[in-house]
Structures are given as C-alpha cells and as structure tokens.
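Take a look at the structure set out below.
The values are calculated or read from the model by the stated rules, or taken from the named source; none is laboratory data. As the structure is a prediction and not an experimental result, all values here were calculated from the model. We place every Cβ from the backbone using ideal geometry, glycine too, and count neighbours over all the protein chains shown.
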Amino acid sequence: MADVLTLSRVQFALNTCFHYLYPPMSIGLGLLLVWMEGLYLWTKRPHFKVMTQFWIKIFALTFALGVATGLVQTFAFGTNWSRYSRFVGDVFGSALAAEGMFAFFLEAGFLGVLLFGWDRISPGLHYLSTICVMLGAHFSAVWIVVANSWMQTPAGFRLESGVMGTRAVITDFWAMVWNPSSFDRLFHVLLGCWLTGAFLIVSVSSYYLIKKRHIDMAFSSLKIGIGCSCMVLCLQLFSGDRSARLVAHYQPAKFAAFEGIYKTQPSTPLTVVGRVHPETQSVSGLKIPKALSFLVYRDGTTPVVGLDQIPKEEWPNVPWVFQFYHLMIGLWGVMILITGLGLWQLTRGVLKMQKSILWLLVISVALPHIAQQAGWAAAEVGRQPWIVWHLLRTQDGVSTTISPNQVNGSIWMFSFIYLLLFILFVFLLDRKIKEGPDENLSPLYRDPY
C-alpha cells in the first residue's frame, strides 16, 4: 500500500476534481442569467423570461452540488493536512472567512428570491437578486483563487516560529490578496467558468433544436451561448499568454515542465505536440524554432530557463505536467474550431443546420470541463515538490497522526459517494432538460412549429 503522503494527495485530488465539475457551471450560468434577464427587461419579449426561468433551475442544481462537494475539502485540511493548515492558517483563515461573508452568504441569501420571487416582487428587485447571486458566485472564486495564488507566489507575510513550529503570519492583507499571480490567475479561472456555462447552454439548446422542441427559446439561447463562447475564447488567448509569462518569471521549474525544457538554450523552440522522454531528458515532436523565446520574452533569441538550472530534487513530474498543459491548450484549439463552426452555421440560419453539427455542439459540453481539469492538474502537479512555493514542501504538510489504511478507506468511501452524487446529478439534469421550460408561464410564448 502507498504511504500516507501519496494517498492523501490522491484523496485531495479526487475531492477537488469532482467538486470542480460544479462551480464553473454555476459561475458561468450566473453571468449568463444576468444577460438573459436583462434582455427580458429590455425587450419585454416573453421567451426571454421563459429562458431565464429555465436556466435558473439548472443553476440551482449545480449550486447545490457545488456546496455539498466543497465542504469535504475544508475537513480534509484538518484531517490529512494538519501541518499545512497550521503553517497557512493565518493566511487562509482570512481568505476563507471572506469567502463565507462576501460570497456564500450573498449567493445563498438571494438564491431563494431568484428561484421563487417571480411575480412576487418587482422585476427590478428580482433582477437585483439575480445580480447578487452572480456576484456571490464570482466572489467565491475570487477568494479561493487568492488563497491558491498565495501558495504559488507568497506575499504580504512573515515567518514566525513558535512551540507548534513555523507558520506564515500576514503583515499586509492586501499584499497577500493581490500577490503577484492573483489577478492573472483569477481572470483565467473566471474565463474558464464563463466558457463552461456558455458551452452548457450551447449543448442543451442544440439538443432542443435536434428534437425540434422549444425552438424559439433554443435559438435565442444558442445565440447567447455561441456569442459568449466566441468572446471568452478570444480573451483566453490574451489571458493564457499573460499567465504563462508570469509562471516563467516566478516559477521557472513549473514552466520548464509545461514546455518540456530540459536544457537552457538560446532561441528556445516551442513544442506544439510532443512526447517527453525522461530517461534521456528530451522531448520529441512538432516544434516551432525560436517561438517559445519570443512568446516569453518577445525576443526570439533569449533562452528560456530549463530544468538544468534547477536542482533535480525540485523537479516536478515532467511527463505528466507537459501532457496536462498541452491537453489544455489543444482543447482550446478544438473549442475555437467548434465555436467557429457554430457561428458560421448561425449566420446561415440555425434551422438549416445539419444534425451532425448539432450533435457535435451537444457533446462539446465536456470540452471546457476536461480543459479546466487538465489546467489545474498542470498548475498543481507542476508546483511540486512545494505545497507553498519555496516555503513548505508537500511532504512536510501532511498529518502525522493518520495511517495509510484510514486514508485508503476514505478514498473508497468518497469514490462511492461521489459516484452516487454524479448519477443523481445526471439524472436530475436529464429530467429537467427533458421537461424543458414551462411554456405556460406566458400565453404569448409559441414554438414556430
């Protein structure tokens, strides 16, 4: 059986990966609900109200699963990572408290108004509740990403020794919050969430068009989803470039693993598709000469720092990090192509779209999820062997009072529970989609067929 450290990392990865299926959908849907309800208030067209009320139901489902699965991570800090929790407690305590006060309470407090306030309060007040729920979901992402970014680029703290060991203590709260990587990482994460919500809307709308149901609502939803996807994918090109250059500056070992750079050399090439050979410390594949140097330094000759400049005991798992990172980028390219195809077909008239293209849009809902999981895996595995960059190693953060059997048992228990939760989520989501919007909400709502 593996040791406590390995099993605890597997358990936390399982919890995190499963939990992160849901917040991106609720964050992305929250933004698009504000868009949809705003269109209804502006145009007074009934099908925008029908559309908004339908997607609110989907939002509520994703929100519920996100809250339920997120609580497990909080307990894992105390049970499996007590030494890490002691080290970062002063930093994380403020960030997580801020999430509870400014995010969760705001989102949960107005969710009831959002769900049940239609026709009970004024349209303007209901729209305000929609905005508050959207802001609550986004504030939650802000504080979680701030905490994680501090682990990547610590700032605004001092180390303090005591009877329980060394710990990080905040000296400048805002320097901690806006540490060097916070803004870029937050922007990149939010773009991924918006894209996830947009692709969910595109998928369900395409399904309705295939089945020739709720055509008016599906057509409008599809236009909103495709439009949002186009804008976000373009912004991700800018955000990804900034994030990569930031990693190259502050975490050169991680960036070298991202790109498979073992040897520091001038005019560093960019590997588009490749395979890492750790035994020979090389990467084979399709490469563009000088491209990586230009992307990082805007100069085609400046060498990118390779792993040969970093002690070997501080290298991450290069093959895994390389493939996760390139999978994320490759899926961005696939989503660009699919979104472009959908936009092209929309300009020709959505009702003339071929079923094969519509089915492609239906199954594309999985792409942003896979891309986000790959991106987070690259970022977190690439940080190893540090749990807090150059301050605390992962092996020094794990609890010393638990046994491998205890952690292994919890992994199987969580796997079983998460499987049941996922089956329940798919069942409820499928039922809500098949039920569709309540067209009786407005006597003016009619399908073209």
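What to note about this one:
- Selection status of T280, modelled with pLDDT under 90, in contact with a helix residue (DSSP H, G or I) (Cβ under 8 Å, 6 or more places away or on another chain) and over 30 Å from E435 (Cβ atoms): no
- Scanning the stretch 217-268 for residues that are farther than 24 Å from W194 by Cα and hydrophobic (A, V, I, L, M, F, W, C) returns A248, A253, F255, A256, A257, F258, I261.
- Test for V133: is it aliphatic (A, V, I, L, M) and part of a strand (DSSP E or B): no
Every residue, every condition in (1) more than 30 Å from V381 (Cα to Cα); (2) outside any helix (DSSP H, G or I); (3) not basic (K, R), yes or no:
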residue	(1), (2), (3)
L14	no, no, yes
S26	no, no, yes
L39	yes, no, yes
K49	yes, no, no
F63	no, no, yes
S85	no, no, yes
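- Residue within the stretch 263-278 that is small (G, A, S) and either farther than 28 Å from S182 by Cα or without any contact (Cβ under 8 Å) to a residue 12 or more places away in the chain (or both) present: yes
- Within the stretch 355-370, residues that are without any contact (Cβ under 8 Å) to a residue 60 or more places away in the chain and under 12 Å from V334 (Cβ atoms) have Cβ atoms under 8 Å from residues that are among the hydrophobic types (A, V, I, L, M, F, W, C) and surrounded by 13 or more Cβ atoms within 10 Å (Cβ to Cβ) in these pairs: L360/I338; L360/L341; I370/L327; I370/L331, counting only partners at least 6 apart in sequence or on another chain.
- Residue that is β-branched (V, I, T), within 28 Å of the chain's Cα centre (by Cα) and surrounded by fewer than 21 Cβ atoms within 10 Å (Cβ to Cβ), where the choices are V276, V272: V272
- Residue match in the stretch 163-176 (condition: among the small types (G, A, S), buried (at least 20 other Cβ atoms within 10 Å of the Cβ) and part of a helix (DSSP H, G or I)): no
- Single residue of the stretch 284-329 satisfying the filter (crowded, with 16+ Cβ neighbours inside 10 Å and small (G, A, S)) that is farthest from F238 (Cα to Cα): G306
- For the stretch 291-320, the tally of residues that are farther than 14 Å from G382 by Cα and not in a loop (DSSP other than H, G, I, E, B) stands at 9.
- The single residue among A108, A98 that is crowded, with 17+ Cβ neighbours inside 10 Å, of a type in the set (G, A, S), over 26 Å from R393 (Cα atoms) and touching a helix residue (DSSP H, G or I) at 6+ places or on another chain (Cβ under 9 Å) turns out to be A98.
- The set of residues in the stretch 171-211 that are farther than 19 Å from S140 by Cα and β-branched (V, I, T) comprises T171, I201, V202, V204, I210.
- Given (1) within 15 Å of I338 (Cα to Cα); (2) free of Cβ contacts under 8 Å to residues at least 60 places away in the same chain; (3) small (G, A, S), index of the condition S239 fails: (1)
- Residues of the stretch 73-123 classified as over 30 Å from L5 (Cα atoms) and either touching a Gly at 6+ places or on another chain (Cβ under 9 Å) or free of Cβ contacts under 8 Å to residues at least 40 places away in the same chain (or both), total: 19
- 3 or more residues small (G, A, S) and either modelled with pLDDT under 85 or surrounded by 13 or more Cβ atoms within 10 Å (Cβ to Cβ) (or both): qualifying helices (runs of 4 or more DSSP H) within the stretch 335-449: 366-381
- Pairs are defined by a Cβ separation below 8 Å, a sequence spacing of at least 6 or placement on different chains, a first member in the stretch 280-292 that is touching a residue at least 24 places away in the same chain (Cβ under 8 Å), and a second member that is assigned to a strand (DSSP E or B) and surrounded by fewer than 16 Cβ atoms within 10 Å (Cβ to Cβ); the pairs so defined are V283/R275; V283/H277.
- Some residue of the stretch 44-57 being closer than 20 Å to W412 by Cβ and among the hydroxyl-bearing types (S, T, Y): no
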